[in-house]
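The structure under discussion appears below in the form of structure tokens.
Every read-out reported here was derived from the displayed coordinates using simple, explicitly stated rules and does not represent laboratory data. Keep in mind that what you see is a predicted model, and the values were worked out from it rather than measured. Here Cβ is always computed from backbone atoms with ideal geometry, including for glycine, and neighbour counts include all displayed protein chains.
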């Protein structure tokens, strides 16, 4: 810009003064043309210098385009693999969901089966208790009627008359009615038949305090054990049954007491002790209903 200033001033000066000569104008033109030429040369030089840069930029652009295409080409398989992996993951998730559903269903089936098993066990337990109760009743009737024992007292007159006498060996009741002893025993036994086991037990214990050694005493001691048995207090029942065999070894309740001791041990889960007692019943009382029951129980426990 500074180079053009002198020429500009000269032109302005010549125009203003009007005194410039032809030579002055010629010089000015020559100077302007020279400067224009120099400027063009510089432009050409600059353009020539920029040509390699332009080529390099073009080459870089080409390489960038190629690299981009190569990158896209290399990424494309990865995208396909990724899509396949996602599809496989989705499939695996579906399979896992199905397996979880199967597990939940199996858990429900197992819970239902366990509930049914528990119900069956309760039903079997109830049936066993009913069976034990019925067995007891059969034993009582057999004992009362003298079945299965070679030496049993005769059936009392009260039974022939259709009345219910006290269980076990009894004497005939006199015409004046039952004695206090018989009435006390019968009342205790009536409570037992009504399943009032605690009251019945207390009544039999009271009877034993008043009459520790009578024809009813071994029976009364046995019923004390039975009350505990039906109350499911098997440890106490075993102790009371043991008193029958120790205090009244010759009484008609001894085989029953040993049998019920064995059954009480079975209830407590002590099968070894139960088997020993059941085998003792079979050995000591081979031709009795108690021995038959003991054999059946031993077979059942195998």
If residue 250 meets every condition in (1) under 15 Å from residue 284 (Cα atoms); (2) in contact with a helix residue (DSSP H, G or I) (Cβ under 8 Å, 6 or more places away or on another chain) apart from one, which number is that one? (2)
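Listed here are the residues, each with its yes/no results for (1) part of a loop (DSSP other than H, G, I, E, B); (2) surrounded by 16 or more Cβ atoms within 10 Å (Cβ to Cβ).
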position: 206; (1), (2): no, no
position: 215; (1), (2): yes, yes
position: 225; (1), (2): no, yes
position: 228; (1), (2): no, yes
position: 242; (1), (2): no, no
position: 245; (1), (2): no, yes
